[in-house]
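Everything below concerns the one structure shown next.
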Amino acid sequence: MAPAEPILQVRDLVKHFPLTQGILFKRQIGAIKAVDGVSFDLHRGETLGVVGESGCGKSTLAKVMMALERPTSGSVMVNGKDITKAKGAELKRMRRNIQMVMQDPYTSLNPRMTVGDIIGEPFEIHSEVVPKGDRRKRVQELLDVVGLNPDHINRYPHQFSGGQRQRIGIARGLALQPEIIICDEPVSALDVSIQAQVMNLLDRLQKEFNLAYIFIAHDLSVVRHISDRVAVMYLGKIVELGGDNQIYERPSHPYTQALLSAVPVPNPEGREARQRIILQGDPPSPANPPSGCRFRTRCWKAQDICAKEEPLLQIRPGTDHPSACHFAEALDVVHSQS
């Protein structure tokens, strides 16, 4: 059987923010290259983890995919239609199918609205989804689905804990029955024990409703437990893309190897066996990225070609998944931790 068509196709996506100078007569003097040529596919029922340091472009990528920001160039195809080109009623229709769960459950919910109004707000915008007389019942059903008491529909956000507020945000994301949910660091503001509960909830909802997730995070250990594939971003670009076992057990890009070396290992013997990779310096400015490979200024493998030629995201000899490095070499993390 032929593989199913991807539900989401991102192609050569670019988002630059202009840098201007002057007060009355502003002129552009440069651009912040937040997202600079990102491509990937997402299939129905799949989770793609997107990881990287703060400022690498993860959240900007999410906003462009949601059409909250217009791209500088490139396309985001949702079920074969480009959401970046859609306007008016067509954009409204397409947004029903791709929703977002925000990072901070303390600021993403309006404190002046009841939980019922927050979860039911999408029905006000998309009035054709649920008849007005059935909306309260539907909101209560959504509260039950995410593990909250349906009788708490008239409570306000401040009457819930952080984990419960994030469940409210997830219920709001489910309201329009989307096929794709973008989770922008949905557990980073929660305690570790609560993180596990929210992750288990997301996993259960995915199986129950056949959802596709884009799961954005900076914590590699969190992403591993939910992702089928992982995209590693650095300074606006994807530098490595592969299945969760490929990325976590056989990383081939030096940046991914450095990130994984910093993940805590519970086993003391594993900590002693693993080589810790310390990156020198800070990430360059996205307004003035290095020539060639953007990681070369912090990379211990960098040579002359790295400054002259930008490496393409492709499978290199000795590796089994795409990596944007001239000298990509698989590192057997399993053996280094055992």
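The values are calculated or read from the model by the stated rules, or taken from the named source; none is laboratory data. If you're wondering where the values come from, they're calculated on a predicted model, not measured in any experiment. Cβ placement follows ideal geometry from the backbone for every residue including glycine, while neighbour counts extend to all protein chains displayed.
Quick one: is Glu53 within 19 Å of Met233 (Cα to Cα), among the charged types (D, E, K, R) and in contact with a Pro (Cβ under 8 Å, 6 or more places away or on another chain)? Spelling it out, Glu53 is indeed within 19 Å of Met233 (Cα to Cα), among the charged types (D, E, K, R) and in contact with a Pro (Cβ under 8 Å, 6 or more places away or on another chain). Residues in the stretch 144-173 that are closer than 23 Å to Arg44 by Cβ and crowded, with 21+ Cβ neighbours inside 10 Å: 6 in all.
Checked against the criterion of being at positive phi, touching a residue at least 24 places away in the same chain (Cβ under 8 Å) and of a type outside the set (Asp, Glu), the candidates Gly45, Gly49, Gly88 yield just one match: Gly45.
The numbered conditions (1) touching a strand residue (DSSP E or B) at 6+ places or on another chain (Cβ under 9 Å); (2) surrounded by fewer than 19 Cβ atoms within 10 Å (Cβ to Cβ) are all true for Gln197 except (1).
Looking at Ser261, is it of a type in the set (Gly, Ala, Ser) and under 30 Å from Arg167 (Cα atoms)? No; evaluated as a whole, the condition is false for this residue. The conditions of being on the phi < 0 side of the Ramachandran plot, in contact with a His (Cβ under 7 Å, 6 or more places away or on another chain) and crowded, with 21+ Cβ neighbours inside 10 Å are not met by Val10.
Filter the stretch 257-283 for residues that are surrounded by 16 or more Cβ atoms within 10 Å (Cβ to Cβ) and at pLDDT 80 or above and give the result. If the condition is that a residue be surrounded by 16 or more Cβ atoms within 10 Å (Cβ to Cβ) and at pLDDT 80 or above, then Gln257, Ala258, Leu259, Leu260, Ser261, Leu279, Pro283 are the ones that fit.
If you check Pro18 against the conditions, is it over 21 Å from Pro283 (Cα atoms) and out of contact with any Lys or Arg (no Cβ under 8 Å at 6 or more places or on another chain)? Considered against the rule, which asks whether it is over 21 Å from Pro283 (Cα atoms) and out of contact with any Lys or Arg (no Cβ under 8 Å at 6 or more places or on another chain), Pro18 comes out as no. I'm checking my understanding of the structure. Among residues of the stretch 78-97 that are under 21 Å from the mean Cα position of the chain (by Cα) and within 19 Å of Ser127 (Cβ to Cβ), which one is surrounded by the most Cβ atoms within 10 Å (Cβ to Cβ)? That would be Arg95.
Filter the stretch 235-246 down to residues that are of a type outside the set (D, E, K, R) and closer than 11 Å to Val51 by Cα and give me whichever is farthest from the chain's Cα centre (by Cα). The qualifying residue farthest from the chain's Cα centre (by Cα) is Val239. Pairs linking a residue in the stretch 5-22 that is modelled with pLDDT of 90 or more to a residue that is aromatic (Phe, Trp, Tyr), with Cβ atoms under 8 Å and 6 or more positions apart or on different chains, are Val10/Phe40. Restricting the first member to the stretch 108-124 and to residues that are in contact (Cβ under 8 Å) with a residue 24 or more places away in the chain, and the second to residues that are outside any loop (DSSP other than H, G, I, E, B) and of a type in the set (Gly, Ala, Ser), the beta-carbon pairs closer than 7 Å and six or more apart or on different chains are Ser108/Gly169; Leu109/Gly169; Ile119/Ala171. If the condition is being in contact (Cβ under 8 Å) with a residue 24 or more places away in the chain and among the small types (Gly, Ala, Ser), then the stretch 130-155 contributes only Gly147. Entry remark, the stretch 208-256: residues being crowded, with 19+ Cβ neighbours inside 10 Å and assigned to a helix (DSSP H, G or I) number 9 in total. Screening the stretch 93-183 for helices (runs of 4 or more DSSP H) wholly inside it with 3 or more residues that are among the basic types (Lys, Arg) returns the ranges 135-145, 162-174.
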